[in-house]
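Engineer: Below is a structure I'd like to ask you about.
The values are calculated or read from the model by the stated rules, or taken from the named source; none is laboratory data. Given the structure is predicted, the values throughout are model-derived calculations rather than measurements. FYI the Cβ positions are ideal-geometry reconstructions off the backbone, even for glycines, and counts take in every protein chain you see. Keep in mind that these areas ignore ligands, DNA and RNA; they rest on the heavy atoms of the full protein, side chains included. Shrake-Rupley method; radii C 1.70, N 1.55, O 1.52, S 1.80 Å.
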Amino acid sequence: MSRTRLLTLAIVVLVLLNLGTLGTIFYQGMIHHKLPPPGEGPKMIIIERLQFDEVQQKQYEVLIDDHRKQTRELHEDSRKLHKELYSLLSEEPADHSKKDSFILRIAGNQKALDNLNFDHFQQIRELCKPEQIPAFNDLAEDLAELFGPKGPPEKKH
């Protein structure tokens, strides 16, 4: 066998081995790290961290359904308000009083969303048994990181 043929064969075998290894790693990662359905991640985090029993989980489901409905409505209102705000950019000259009005309404919408989220977690706390309160308090310290807006991490000085 010529040297060129031997090197070509070795390269093909190595590429196939690498592809097989990557495929195996990816497949095992998919099995072990199945992502929960959209919106189910936070739910599972809370259930696991607070160790809710079956009754609490059913009560929590009711809270979630109501919270999601109200959140959807507020997000839809926010989208509409932002669309109307940015539509002002096509006007010559831009009407600053309308701009300020939309920004105030957007801020009010965000305030309503933050109140809704706070009240939701307050309701979750009320589902807790006395022995679960310390776990809830630990969870409360992590809420901003777990469920808050995602953005670039803060720089540490």
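Engineer: Condition first: open to solvent by 90 Å² or more (accessible area, probe 1.4 Å) and closer than 11 Å to residue 60 by Cα. Now tell me which residues in the stretch 126-135 satisfy that.
Structural biologist: Matches in the stretch 126-135: 126 only.
Engineer: Does at least one position in the stretch 32-41 carry a residue that is at pLDDT below 95, over 30 Å from residue 129 (Cβ atoms) and not in a loop (DSSP other than H, G, I, E, B)?
Structural biologist: Yes; the residues of the stretch 32-41 include at least one that is at pLDDT below 95, over 30 Å from residue 129 (Cβ atoms) and not in a loop (DSSP other than H, G, I, E, B).
Engineer: Between 100, 119, which is open to solvent by less than 90 Å² (accessible area, probe 1.4 Å), part of a helix (DSSP H, G or I), under 23 Å from residue 48 (Cα atoms) and without any contact (Cβ under 8 Å) to a residue 24 or more places away in the chain? Please lay out each step first, then the result.
Structural biologist: Details: 100 fails: under 23 Å from residue 48 (Cα atoms).
It is 119.
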